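*Asks:* Next up is a structure, given as structure tokens.
The values are calculated or read from the model by the stated rules, or taken from the named source; none is laboratory data. Fair warning: this is a prediction, and the values are worked out from it, not measured in the lab. When we count neighbours, we look across all protein chains shown, and the Cβ atoms used for this are built from the backbone with ideal geometry, even at glycine. The protein model used for the area step is the full one, side chains on, heavy atoms only, and it has no ligands, DNA or RNA in it. Shrake-Rupley method; radii C 1.70, N 1.55, O 1.52, S 1.80 Å.
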Amino acid sequence: MNTTVTVALAVGALVVLVAAVALRLADRLGLPSLLLYLALGVALGEAGVGVQFEDFSLTRTLGVAALVVILAEGGLTTRWADVRRAIGPGLTLSTVGVVISVAATAAVVVWLLDLSWGLALLLAAVVSSTDAAAVFATLRRLPLPRRMAAALEVESGLNDAPVILLVIVLADRLTGGDASPWWLTVLEVAGELVGGAVIGVVLGFGGAELLRRSALPLSGFYPLATLALCVLAFSSATLLHTSGFVAVYLCGLVLGNATLPHRSASIGFAEGMASLAQIGLFVMLGLLVSPGRLPDAVGPALLVGLVLLLLARPLSVAASLVWFRMPWAQQAFISWAGLRGAVPIVVATFPLTAHVPGAAYVFDTVFVLVVVFTLVQGWSLPWVARRLGIATPLAPRDVQVESAPLEELDADLMQMTIPAGSRLHGVYLPELRLPEDAAVVLIVRGGHSFVPDETTRLMRGDQALLVSARRSRAEAERRLRAVSRAGRLASWRGETGSATEQD
């Protein structure tokens with residue numbers, strides 16, 4: 001076997017293991033994990049172990065692939081019940097907000113750093129995108145109002161597309177490759193975004209129907225097929241000259257909220273792949289940077305970061321959310337929580353591969369900005385949420401039900417765990433009022449399993465197996481959710497078991 005390949009596999013395995021340990025350390029210290037991954041890459045690079053890596057083109061390619069996986073996981077793990085009322089704010093932040101942020105940042109950069117308007121706009125565009133991986137990883141650990149958190153998640157999932165298109169257009173113009181009127185460029189960008197959205201939604205619904213009707217030979221194929229559909233959405237949209245990043249996020253969003261076989265396993269697999277993509281991406285970006293050039297970028301990075309954090313981001317948030325009656329405290333938190341991460345660094349490689357004059361200056365500035373302000377914002381978010389009075393600790397009451405198909409019986413096997421805050425606690429099985437062709441067939445309690453009867457009461461922490469005819473599964477799930485939220489008198493209280501949101 002080729003020795004080089006063997007060594008590369010060994011190094012890759014060690015990097016993943018070290019990164020996993022670093023993630024545990026980061027959680028204990030309250031540090032964003034991406035900083036430790038970047039530090040690991042720098043330690044392996046030219047200033048540490050001595051690995052020479054300066055392939056910007058390969059970094060761009062692998063970076064885009066990693067972002068596809070990260071956005072797919074973001075869509076798969078986002079609940080439609082949470083984002084439904086946040087679509088308007090999130091979409092406005094990811095479009096109008098980006099334009100305002102770029103314009104405000106570029107104007108101040110031209111004034112204070114004496115850059116040309118072209119390079120200033122390019123720098124502002126690169127740093128204007130919030131990072132999906134950083135936002136998903138950080139916000140989902142905080143007890144925040146669902147609508148506000150969902151708005152940030154939608155923004156981070158969708159704003160990569162317009163930013164990347166804007167950076168490509170600006171890089172093309174700065175190298176003399178595009179002389180079309182600005183209004184035509186705007187129409188082309190809008191068309192690409194809409195086209196990507198259509199492709200993502202269509203493939204999402206089509207893929208969900210395909211997975212529901214297919215009896216795959218191994219349960220492990222379902223997670224692979226789910227992620228493959230998301231990647232296919234990106235590839236199809238890109239080949240059709242539309243936005244692949246919008247397509248992959250929306251395809252994941254549709255699949256993640258569909259009733260699919262082995263849904264929980266599919267989401268868990270996507271989360272693991274996204275974590276692996278983040279580790280590889282951040283380590284690679286750390287390898288790519290030249291530490292000797294970074295001291296010269298500290299001043300410009302701090303200046304651009306402060307302009308972005310204290311002026312451009314608040315302006316874009318205020319202009320975007322003024323129409324949605326969001327409380328000022330939540331607007332202030334959204335303004336502060338515009339986390340930057342790997343996305344701006346990856347996007348900063350686009351001008352480098354296009355040989356834009358001043359691209360190295362942009363890359364170094366963005367790298368320092370991301371490191372410094374991720375540290376500041378990532379550590380401070382819990383404190384800011386408490387100071388603004390928007391932290392909302394909640395005990396989960398919804399049950400998560402995972403299903404697996406029983407093809408020959410035209411039935412589904414379902415598994416659920418009763419969470420601590422569920423009102424299913426103490427409910428007798430007949431009080432569930434499940435459909436006639438659905439039943440609880442096994443309960444695991446305290447490590448011991450037993451077959452229940454009509455005198456069995458459900459308890460917190462129980463794991464239960466249910467069998468339902470396929471035609472009645474949706475009704476059975478709705479009834480379980482309703483009783484979990486409102487108790488045995490759920491129907492009297494008007495609880496239907498449909499998805500709900502909280503401000």
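*Asks:* Taking Gly176, is it part of a loop (DSSP other than H, G, I, E, B) and either free of Cβ contacts under 8 Å to residues at least 60 places away in the same chain or open to solvent by less than 20 Å² (accessible area, probe 1.4 Å) (or both)?
*Replies:* yes
*Asks:* Sort out which residues of region 250-270 are assigned to a helix (DSSP H, G or I) and modelled with pLDDT of 85 or more, and write them in order of number. Lay out the reasoning, then the answer.
*Replies:* Just the residues of region 250-270 that are assigned to a helix (DSSP H, G or I), to begin with: 250-256, 263-270.
If the condition is that a residue be assigned to a helix (DSSP H, G or I) and modelled with pLDDT of 85 or more, then Leu250, Cys251, Gly252, Leu253, Val254, Leu255, Gly256, Phe269, Ala270 are the ones that fit.
*Asks:* Let me ask another. Examine region 103-115 for a residue that is at positive phi and part of a loop (DSSP other than H, G, I, E, B), and state whether such a residue exists.
*Replies:* Applying the first criterion (at positive phi) to region 103-115 yields 114.
Adding the requirement that they be part of a loop (DSSP other than H, G, I, E, B) leaves 114.
Yes: one or more hits.
*Asks:* Are there any pairs with C-beta distances below 7 angstrom linking a residue in region 51-72 that is without any contact (Cβ under 8 Å) to a residue 24 or more places away in the chain to a residue that is open to solvent by 50 Å² or more (accessible area, probe 1.4 Å), with the two at least 6 apart or on different chains, and if so which?
*Replies:* So the pair list comes out as Gln52/Glu46.
*Asks:* Shifting gears a bit: Are any residues in region 347-364 β-branched (Val, Ile, Thr) and under 15 Å from Leu62 (Cα atoms), and if so, which ones? Don't jump to the end; show me each part of the working.
*Replies:* The initial filter retains those residues of region 347-364 that are β-branched (Val, Ile, Thr), namely 347, 349, 353, 356, 362.
Result: Val347, Thr349, Thr353.
*Asks:* Exactly one of these conditions fails for Val444: (1) without any contact (Cβ under 8 Å) to a residue 40 or more places away in the chain; (2) buried (at least 18 other Cβ atoms within 10 Å of the Cβ); (3) in a strand (DSSP E or B). Give me its number.
*Replies:* (2)
*Asks:* Kindly establish whether Tyr249 is of a type in the set (Phe, Trp, Tyr) and without any contact (Cβ under 8 Å) to a residue 60 or more places away in the chain.
*Replies:* Details: of a type in the set (Phe, Trp, Tyr): yes; without any contact (Cβ under 8 Å) to a residue 60 or more places away in the chain: no.
Considered against the rule, which asks whether it is of a type in the set (Phe, Trp, Tyr) and without any contact (Cβ under 8 Å) to a residue 60 or more places away in the chain, Tyr249 comes out as no.
*Asks:* Determine if region 479-487 includes at least one residue that is over 18 Å from Ala420 (Cβ atoms), open to solvent by 20 Å² or more (accessible area, probe 1.4 Å) and assigned to a loop (DSSP other than H, G, I, E, B). Steps first, please.
*Replies:* Filtering region 479-487 down to residues over 18 Å from Ala420 (Cβ atoms) leaves 479, 482.
Of the ones still in play, those that are also open to solvent by 20 Å² or more (accessible area, probe 1.4 Å) are 479.
Okay, now just the ones that are also assigned to a loop (DSSP other than H, G, I, E, B), so none.
The answer is no, given that none of the residues of region 479-487 is over 18 Å from Ala420 (Cβ atoms), open to solvent by 20 Å² or more (accessible area, probe 1.4 Å) and assigned to a loop (DSSP other than H, G, I, E, B).
*Asks:* Let me ask something additional. Can you tell me which residues in region 250-269 are within 21 Å of Ala86 (Cβ to Cβ) and either touching a strand residue (DSSP E or B) at 6+ places or on another chain (Cβ under 9 Å) or open to solvent by less than 40 Å² (accessible area, probe 1.4 Å) (or both)?
*Replies:* Filtering region 250-269 for residues within 21 Å of Ala86 (Cβ to Cβ) gives 250-258, 267.
If the condition is that a residue be within 21 Å of Ala86 (Cβ to Cβ) and either touching a strand residue (DSSP E or B) at 6+ places or on another chain (Cβ under 9 Å) or open to solvent by less than 40 Å² (accessible area, probe 1.4 Å) (or both), then Leu250, Cys251, Gly252, Leu253, Val254, Leu255, Gly256, Ala258, Ile267 are the ones that fit.
*Asks:* Limited to region 227-249, what total is found for residues that are in a helix (DSSP H, G or I) and either at positive phi or open to solvent by 40 Å² or more (accessible area, probe 1.4 Å) (or both)? Walk me through it before giving the result.
*Replies:* Going through region 227-249, the residues in a helix (DSSP H, G or I) turn out to be 227-239, 244-249.
Filter once more, so that each one left must be either at positive phi or open to solvent by 40 Å² or more (accessible area, probe 1.4 Å) (or both): 228, 231-232, 235, 238-239.
Looking only at that region, the number is 6.
*Asks:* Could you figure out which of (1) touching a residue at least 12 places away in the same chain (Cβ under 8 Å); (2) part of a helix (DSSP H, G or I); (3) of a type in the set (A, V, I, L, M) isn't true of Leu184?
*Replies:* Here Leu184 clears every test but (1).
*Asks:* Which number in (1) crowded, with 24+ Cβ neighbours inside 10 Å; (2) under 16 Å from Ala301 (Cβ atoms) marks the one condition that Thr130 misses?
*Replies:* For Thr130, the exception is condition (2).
*Asks:* Can Glu153 be described as open to solvent by less than 30 Å² (accessible area, probe 1.4 Å), among the charged types (D, E, K, R) and assigned to a helix (DSSP H, G or I)? Explain how you work it out, then say what you get.
*Replies:* On the way: open to solvent by less than 30 Å² (accessible area, probe 1.4 Å): yes; among the charged types (D, E, K, R): yes; assigned to a helix (DSSP H, G or I): yes.
Yes: the conditions hold for Glu153.
*Asks:* Now for a different question. Please work out which residue is least open to solvent (accessible area, probe 1.4 Å), limiting yourself to region 33-57 and to residues that are more than 17 Å from Val368 (Cβ to Cβ) and among the hydroxyl-bearing types (Ser, Thr, Tyr).
*Replies:* Ser33
*Asks:* Taking region 384-405, which residues are in a strand (DSSP E or B) and either at pLDDT 85 or above or of a type outside the set (Val, Ile, Thr) (or both)? Break it down stepwise before answering.
*Replies:* Initially, region 384-405 is screened for residues in a strand (DSSP E or B), giving 400-405.
Of everything in region 384-405, those that are in a strand (DSSP E or B) and either at pLDDT 85 or above or of a type outside the set (Val, Ile, Thr) (or both) turn out to be Gln400, Glu402, Ser403, Ala404, Pro405.
*Asks:* How many of the residues making up region 199-211 are in contact (Cβ under 8 Å) with a residue 24 or more places away in the chain and surrounded by 15 or more Cβ atoms within 10 Å (Cβ to Cβ)? Working first, answer last.
*Replies:* Of region 199-211, the ones in contact (Cβ under 8 Å) with a residue 24 or more places away in the chain are 199-201, 203-205, 207-208, 211.
Okay, now just the ones that are also surrounded by 15 or more Cβ atoms within 10 Å (Cβ to Cβ), so 199-201, 203-204, 207-208, 211.
Number of matching residues: 8.
*Asks:* Something else now. Just to be sure before I move on: is Ala106 closer than 26 Å to Arg293 by Cβ and either surrounded by fewer than 24 Cβ atoms within 10 Å (Cβ to Cβ) or of a type outside the set (Phe, Trp, Tyr) (or both) in the structure I sent?
*Replies:* On the way: closer than 26 Å to Arg293 by Cβ: yes; either surrounded by fewer than 24 Cβ atoms within 10 Å (Cβ to Cβ) or of a type outside the set (Phe, Trp, Tyr) (or both): yes.
Judged against the criteria, Ala106 is a match.
*Asks:* Right, Ala125: under 16 Å from Gly338 (Cβ atoms) and at pLDDT 90 or above or not?
*Replies:* Numbers: under 16 Å from Gly338 (Cβ atoms): yes; at pLDDT 90 or above: yes.
Criteria met by Ala125.
*Asks:* Taking Arg423 as the residue in question, decide whether it is open to solvent by 50 Å² or more (accessible area, probe 1.4 Å), assigned to a loop (DSSP other than H, G, I, E, B) and in contact with a Gly (Cβ under 7 Å, 6 or more places away or on another chain).
*Replies:* Numbers: open to solvent by 50 Å² or more (accessible area, probe 1.4 Å): yes; assigned to a loop (DSSP other than H, G, I, E, B): yes; in contact with a Gly (Cβ under 7 Å, 6 or more places away or on another chain): yes.
Spelling it out, Arg423 is indeed open to solvent by 50 Å² or more (accessible area, probe 1.4 Å), assigned to a loop (DSSP other than H, G, I, E, B) and in contact with a Gly (Cβ under 7 Å, 6 or more places away or on another chain).
*Asks:* To continue, here is another question. Among the residues of region 187-226, which ones are part of a helix (DSSP H, G or I), in contact with a strand residue (DSSP E or B) (Cβ under 9 Å, 6 or more places away or on another chain) and either of a type outside the set (Ser, Thr, Tyr) or modelled with pLDDT of 90 or more (or both)? Steps first, please.
*Replies:* Applying the first criterion (part of a helix (DSSP H, G or I)) to region 187-226 yields 187-213, 221-226.
Going one step further and asking which of them are in contact with a strand residue (DSSP E or B) (Cβ under 9 Å, 6 or more places away or on another chain), we end up with 211-212, 222.
Across region 187-226, the qualifying residues are Leu211, Arg212.
*Asks:* While we're on this one: Only one of Glu495, Glu436, Glu475 is open to solvent by 70 Å² or more (accessible area, probe 1.4 Å) and either at pLDDT 90 or above or part of a loop (DSSP other than H, G, I, E, B) (or both); which? Working first, answer last.
*Replies:* Values: Glu495 fails: open to solvent by 70 Å² or more (accessible area, probe 1.4 Å); Glu475 fails: either at pLDDT 90 or above or part of a loop (DSSP other than H, G, I, E, B) (or both).
Result of the check over Glu495, Glu436, Glu475: Glu436.
*Asks:* Being part of a helix (DSSP H, G or I) and open to solvent by 10 Å² or more (accessible area, probe 1.4 Å) is the filter here; which residues of region 116-127 pass it? Spell out how you get there, then give the answer.
*Replies:* In the first step, residues of region 116-127 are kept if they are part of a helix (DSSP H, G or I); the result is 117-127.
Trp117, Gly118, Leu119, Leu121 - these are the residues of region 116-127 that are part of a helix (DSSP H, G or I) and open to solvent by 10 Å² or more (accessible area, probe 1.4 Å).
*Asks:* Which members of region 60-99 meet the condition of being under 30 Å from Gly292 (Cα atoms) and surrounded by fewer than 22 Cβ atoms within 10 Å (Cβ to Cβ)?
*Replies:* Let us first name the residues in region 60-99 that are under 30 Å from Gly292 (Cα atoms), namely 60-67.
If the condition is that a residue be under 30 Å from Gly292 (Cα atoms) and surrounded by fewer than 22 Cβ atoms within 10 Å (Cβ to Cβ), then Arg60, Thr61, Leu62, Val64, Ala65 are the ones that fit.
*Asks:* Suppose we filter Gly299, Gly338 for residues that are within 17 Å of the chain's Cα centre (by Cα) and under 20 Å from Leu123 (Cα atoms); which single one remains? First the steps, then the outcome.
*Replies:* Working: Gly299 fails: within 17 Å of the chain's Cα centre (by Cα).
Sole residue among the options that is within 17 Å of the chain's Cα centre (by Cα) and under 20 Å from Leu123 (Cα atoms): Gly338.
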